[in-house]
1. Buried accessible area between A and B (1.4 Å probe, both chains summed, ligands and nucleic acids excluded), in Å² to the nearest 100?
2. So how many Å³ per residue does the convex hull of the Cα atoms of segment B:325-539 work out to?
3. Could you let me know the centre-to-centre spacing of segment B:441-516 and segment B:556-575, using Cα atoms, in angstrom?
4. Going by Cα centres, segment A:105-137 and segment A:5-58 are how many Å apart?
5. For residue A:92, project a label point 7 Å along Cα to C-beta. Then give me every residue of segment B:170-208 with its amide nitrogen under 19 Å of that point.
6. Relative to the first principal axis of the alpha-carbon coordinates of chain A, what is the inclination of helix A:226-236, with its axis defined by its Cα atoms, in degrees from 0 to 90 and to the nearest 10?
7. Under 9 Å from the Cβ of residue A:77, count the other residues' Cβ atoms, weight Lys and Arg +1, Asp and Glu -1, and hand me the total.
8. When the dipole is taken about the Cα centre of segment B:2-278, and only Lys, Arg (+1) and Asp, Glu (-1) are charged at their Cβ, what size is it in debye, to the nearest 20?
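The values are calculated or read from the model by the stated rules, or taken from the named source; none is laboratory data. Not measured: the values here are computed from a predicted model. Quick reminder, even Gly has a Cβ in these numbers, built from the backbone with ideal geometry, and neighbours come from all protein chains shown. Just so you know, the surface numbers come from the protein's heavy atoms only, side chains and all, with ligands and any DNA or RNA stripped out. Shrake-Rupley method; radii C 1.70, N 1.55, O 1.52, S 1.80 Å.
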Amino acid sequence: MLRLQNIDTFYGPAQVHFGINLYVNPGEIVCLLGGNASGKSTTMKVILGLVKPKAGHVFFNDSEITGLPTHQIIKRGVGSVPEARRIFPGMTVQENILMGAYSRSDHKNVAEDFERVLSFFPRLRERLNQKGGTLSGGEQQMLAMARALMVRPKLICMDEPTMGLSPLWVDRVLELIHTINKSEGITIFMVEQSANQALQIAHRGYVIQNGHIVIEGTASDLLNSPRIQEAYLGATI
Amino acid sequence: MNIFFDQTINGLVIGNIYALMAVGLALIFGTANLINFAHGSVYMAGAYVGWTCVTYFGFPLFLTFLVVMLFCALLGMLIERVGLRPLQNSARIAPLLATIGISFILDQLAQIIFSPQPLALPPLISTKRFSLGATSIGVLDILIASVSLISGALLYVFLRYTRMGWAIRATAQDRDAAQQMGVDVNRVNQVTFAIASALGGLSGMLVAMYFNVLTPTMGFQAGLKGFAAGLIGGLGNVPGAIIGSLLLGLIESYGVALLGSSYRNLFAFVILLVVLVLKPNGIFSKGRQLPPEPMTGTFIASSKPVQIPRSVLIGVSVLAFLLPIISNNYWLSVFTTALLYGILALSLTLVAGTAGLMSIGHAGLLAIGGYTSALLSLRLGLPFALALLLAACVTAILGMLLVMPAFRLRGHYVSIATIGIGEIVSLTILNWESLTGGPVGLMNIPPPSLFGFEFYSNRSLYWLSLVLLLGLALLQWQLVRSHIGRTLRAIREDEVAAQAYGINLNRYKGIAFAASGFIAGIAGVILTHSYTYINNETFNNTISVLALTMVILGGRGNIIGSILGAGLLIVIPELLRDVLGESFIVYRMLLYGLLLVLFVRWRPQGLLGTV
Ligand SMILES: Nc1ncnc2c1ncn2[C@@H]1O[C@H](COP(=O)(O)OP(=O)(O)O)[C@@H](O)[C@H]1O
Ligand SMILES: [Mg+2]
C-alpha cells in the first residue's frame with residue numbers, strides 16, 4: 001500500500017535520511033520507532049509531500065506520489081494526524097471534524113460519515129460547539145484522529161499520537177487506533193518514541209537511527225529483541 | 001459641539017475606508033504570515049484605475065467599482081505569484097523584501113503613466129447633505145458606509161459558509177495542518193490576495209473620492225496606516241482590524257480638528273509605534289507577549305562572501321583618488337553622489353546586515369543629520385567641521401533613542417517600526433515649522449568647508465566624500481571584526497541563545513543603531529550642505545528603499561558590497577541615460593524596484609555575499 005524506496009532527504013546542507021526503505025501492507029499497523037531527531041517526523045513529511053526528498057521514490061497504492069503537492073496526496077486517501085495534533089484552535093470541534101472532509105468530492109456522504117466518526121469518539125459529541133483550543137490534550141488527540149477519519153482514508157499517518165498524554169490517555173488512544181484498524185480496515189503507519197506500548201498494537205515495526213533504518217521486523221520480534229531495548233536506552237537518554 | 005459630531009461622522013467614514021484596507025492586510029497576514037508592503041500600492045492602483053474608468057471611459061460609478069475590484073484582484077494574484085509563492089522556501093524576510101520591491105515598481109509605474117502630479121476626480125455623486133440633528137451626513141458618506149458594510153457582510157458569509165472560506169480560516173489558524181487536510185495553500189493564498197486586493201483597491205477609490213485627490217505615492221502611508229489599524233485590533237484578526245480602523249479614523253478626525261490637517265498621518269504612526277511596543281498583540285490582548293513571530297529563523301541566506309584581495313582594494317582606492325583628473329564635472333558629481341550613498345549603505349548594512357535588524361526608515365537618519373548641521377550652521381554660525389561632528393553625534397543619539405523602544409521587536413516588526421519612525425521624523429519636520437521651516441525648508445546652507453577652505457568645486461567635494469567614505473568604511477570594518485561585531489552576528493543568528501549566554505541585547509542593538517546613525521548622519525550632512533537646501537521631502541522614504549536595495553545588492557553585512565551596491569545603483573542609471581537618452585531617467589526608480597525583486601528571488605546573498 002505504501003512503499004518508500006531509497007529516500008534521501010536534506011534540510012539545506014544537513015542530510016536527515018540516508019536511503020530509507022520501508023513498506024506498509026494493506027490492513028497493517030506499522031510502527032516507526034526512533035529517538036529524538038532521528039528523522040521520524042521527516043519521514044511523515046516525505047510521505048505527505050510536505051518535504052521533498054532529494055532522491056528516492058514514494059509509492060502509494062502502486063502509483064508514485066513523490067513530489068506531488070500535499071493536497072493531491074491527501075485526496076488519494078491519505079489521512080494525517082500531525083505531530084502535536086495541530087487541531088484548528090479557533091474553530092469549533094464540529095468545524096474541525098468537517099475540515100477533515102475538505103478534500104472529498106462526495107459531499108452527500110459527509111453527514112453520514114460525521115455521525116459514524118463521532119460514534120468512535122463520544123466525548124467529542126458532547127463538545128461539538130466548543131472551540132478546539134479549549135479541549136484537553138487527550139481530547140485534542142481524539143479530535144485530530146476524528147478529523148483524519150473524515151478523509152475516508154485508506155491509510156492514516158500518525159506522528160506520535162501519544163505524545164504528552166497521561167498513561168490513561170495513552171492506553172485509550174492506542175486502543176482507538178487498534179479499533180479503527182480492525183473495524184474500519186484502515187491501514188495505519190505511525191511514528192512513536194515509546195516503543196513498548198506502540199508495539200502492543202502494531203503488526204510490524206522499523207527502528208530509525210540518525211536517518212538509517214537499523215532494525216525491522218514483526219512487532220513480537222522487536223518486542224523480544226535485546227537490540228531494540230539497547231537502541232532505546234541510547235536514544236532516550 | 002457641532003464640530004464634535006461632524007468629526008465623529010468624518011472619523012467613522014474614514015475609519016470605514018481604512019477598514020477595507022486593514023481587513024485585506026489582516027487576511028493576508030493570517031494565511032500567508034506576511035506583512036504585505038505592496039498592499040498600499042494596490043490601493044493606489046485602485047484609485048487610478050477608478051480615475052481612468054471615470055474620466056476616460058465615463059463609466060458609471062457602480063461599474064467603476066467593479067472594474068477597480070477586478071483589476072486589483074488580478075493585481076493581487078500577480079503579487080502573490082511573484083512576491084510570495086516562489087519565496088516560500090527562502091529566508092523568511094524574503095517575501096517582505098519582495099513586496100517592498102513590488103510596491104516600489106507599482107508606485108513608479110503610476111508616476112510614469114499618470115505623472116507625479118496630483119489628479120482630481122470629476123464630481124461623481126450628489127453633494128447633497130442630510131441633516132442629522134446637530135450634524136449632517138453627505139451622500140458620499142452614506143455610500144462609503146454602505147460599501148464597507150456590504151463588503152464586510154459578504155466577506156463574513158464567504159468565510160463562514162463556503163468551502164474556500166473554511167480553507168482560508170483553517171490556513172490562517174494552522175497552515176501545516178490545513179495542508180494535511182488537503183487544502184491547497186497556494187490556492188488559498190491566491191484567493192486571499194485577490195479578495196484583499198479587491199477590497200484594498202476599492203478603499204483607494206473611495207479615498208480618492210473622499211479627499212478628491214490622487215497621487216502615485218498615496219499608497220505608502222496608507223498601507224502603513226492600514227497596518228496600524230490592524231495592529232490596534234490584533235494582527236491577522238478580521239473583526240479586530242475593523243474595530244482598529246474605526247478607532248484610528250476617529251482619533252485622526254478629532255486630532256485633525258484640534259491640530260490641523262498636516263498632523264493627520266502623525267497620529268497613525270505614533271499609535272503604530274506605541275501599540276507595537278506596548279501591546280503588539282492588539283489593545284484587547286492581555287500582556288505584552290509578541291504575536292507569533294512570522295519571520296524569524298534563518299534570516300540571511302548562508303553564503304561565502306567573495307574575498308577581494310587587499311591589493312585590489314588599495315588599487316581601486318588609488319584610482320578613485322585619481323579619477324577627478326580625467327573625469328568631467330558631470331560624472332564627477334555622479335560619482336560624488338555614489339560615494340555619499342555609499343556612506344548611507346554602509347550605515348544601513350551595519351544594522352540590516354550585521355545586526356539583522358531590517359530597518360526601512362533610514363532616510364530619517366539622513367534628515368536628522370542634515371537638519372541638525374544646517375541649523376547649527378545657519379542659526380549658530382558654527383564652522384562646518386564642528387557642525388558635522390555635532391550633527392553626526394545628534395543623529396547617533398536620536399537614531400538610537402528613537403528605535404530603542406523597538407529593540408524587543410524582531411523580524412517583520414522591526415521593519416514596520418523603523419518605517420513608522422522614519423515617517424514620524426519626516427512628519428515632525430513638516431510640522432515643526434518654527435525650527436525646520438516646514439515644507440519651505442532651509443535655504444542658503446553653506447557648502448562644506450574646513451579651515452577656511454570651501455568644498456565648492458565638484459573635485460573638492462568628490463575628494464571630501466571619498467575620504468569620508470574610506471575612513472568610515474575602515475572604522476566599520478574594525479567594528480564588525482571586533483567582539484561587538486561578533487556579538488551582533490550572534491544576536492542576529494539566535495537572539496534567544498545570545499541572551500542565554502548573558503548578552504545584553506539592548507546594549508548591542510543600541511551600539512549598532514548609534515554607530516549606524518553616526519555614519520548616516522555624516523552622509524546626511526554632506527548631502528545637505530552640497531545641495532545647500534533641505535526640506536521635509538529631501539530625504540523621503542524612496543531613499544530608504546533605495547538604500548535597502550543597495551545593501552541587498554551588495555550582500556547584507558558586506559561592507560565592500562554596500563559600497564559596490566551604492567556605486568552600481570547610482571552609476572548604472574546614469575550610464576543608461578547616456579545610452580538611452582534623457583527619457584530613461586523616469587525609469588530609474590523602476591529599475592531599482594525590479595533589481596530588489598530579482599535579487600531577493602535569484603540572488604538573496606547579493607553580489608559579494610552576506611557576512
Ligand atoms: N524544518 C527543518 N529545518 C531544518 N532542520 C530540520 C527541520 N525539521 C527537522 N530538522 C532536523 O532534522 C532532524 C530530524 O528531525 P525530525 O524528523 O523532526 O526528527 P524526529 O521526529 O525523529 O524527532 C533533526 O536534527 C532536526 O533538527
Ligand atoms: Mg518528531
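1. Numbers: alone 10810 and 25510 Å², together 34370 Å².
The A and B chains share an interface burying roughly 2000 Å².
2. 119
3. Here the answer is 17 Å between Cα centres.
4. 31
5. Residues B:170-171, B:173 fall inside that zone.
6. Value to nearest ten degrees: 70.
7. Values: positive: A:75, A:76, A:152, A:154; negative: none.
Taking every Cβ under 9 Å from that of residue A:77, the sum is +4.
8. Details: 12 positive and 8 negative charges, 55 e Å.
Roughly 260 debye for segment B:2-278.
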